[in-house]
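The values are calculated or read from the model by the stated rules, or taken from the named source; none is laboratory data. Just so we're clear, the structure is a prediction, and the values are computed from it rather than from any experiment. Note: ideal-geometry Cβ built from the backbone for every residue, glycine included; neighbour counts use all protein chains shown.
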Amino acid sequence: MSRIYGDPIEVWTREDDPVRFVWRDRLYVVRRVLDHWVTSREWWKIADSDPGERRFWRVEASPGGQAGTYELRYDTASEGWLLLRAWD
């Protein structure tokens, strides 16, 4: 079962892939990237001329104990990261 969050997170990357992130004051270490995809933002819904991209990662990560699956998103226009979803 997955839960949807949409919480802002702080992320450290290596070669554009997330390697660790802080969510709700806990540090998670990414054990492996399960999937990665990119979507273009809808240019007609935003005011500026550069619509940017949204980059998604589904990762296996852990705050030190048992690993879980998390979906992270990076928005190139806002340069912000979100934790979108977590699986039990």
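Assuming residue 61 fulfils every condition listed in (1) at pLDDT 95 or above; (2) out of contact with any Phe, Trp or Tyr (no Cβ under 7 Å at 6 or more places or on another chain); (3) among the small types (Gly, Ala, Ser) apart from one, which condition is it? Looking at each condition in turn, residue 61 falls short on (2).
Looking only at the range 56-72, which residues are surrounded by fewer than 18 Cβ atoms within 10 Å (Cβ to Cβ), of a type outside the set (Ser, Thr, Tyr) and in contact with a strand residue (DSSP E or B) (Cβ under 7 Å, 6 or more places away or on another chain)?
To start, the set of residues in the range 56-72 that are surrounded by fewer than 18 Cβ atoms within 10 Å (Cβ to Cβ) comprises 56, 58, 60, 62-69.
Then drop every residue that is not of a type outside the set (Ser, Thr, Tyr), which leaves 56, 58, 60, 63-68.
Selection gives 56, 58, 60, 63, 67, 68.
Of all the listed residues (29, 22), the sole one being part of a strand (DSSP E or B), modelled with pLDDT of 95 or more and under 16 Å from residue 84 (Cα atoms) is 22. Residues that are in a loop (DSSP other than H, G, I, E, B) and either surrounded by 14 or more Cβ atoms within 10 Å (Cβ to Cβ) or modelled with pLDDT of 95 or more (or both) within the range 32-47 comprise just one, 41.
Considering the range 4-19 alone, what residues qualify as being acidic (Asp, Glu) and within 17 Å of residue 87 (Cα to Cα)? Can you show your working first?
We begin by selecting, within the range 4-19, every residue acidic (Asp, Glu); these are 7, 10, 15-17.
Selection gives 7 alone.
Only residues that are closer than 16 Å to residue 17 by Cβ and more than 9 Å from the chain's Cα centre (by Cα): list them for the range 63-88, please. Before the answer, list the steps.
Step one: of the range 63-88, the residues closer than 16 Å to residue 17 by Cβ are 69-74, 76, 81, 83.
Within the range 63-88, 69, 76 meet the criteria.
When the range 13-31 is limited to residues that are of a type outside the set (Asp, Glu) and farther than 15 Å from residue 62 by Cβ, the one that is surrounded by the most Cβ atoms within 10 Å (Cβ to Cβ) turns out to be 13.
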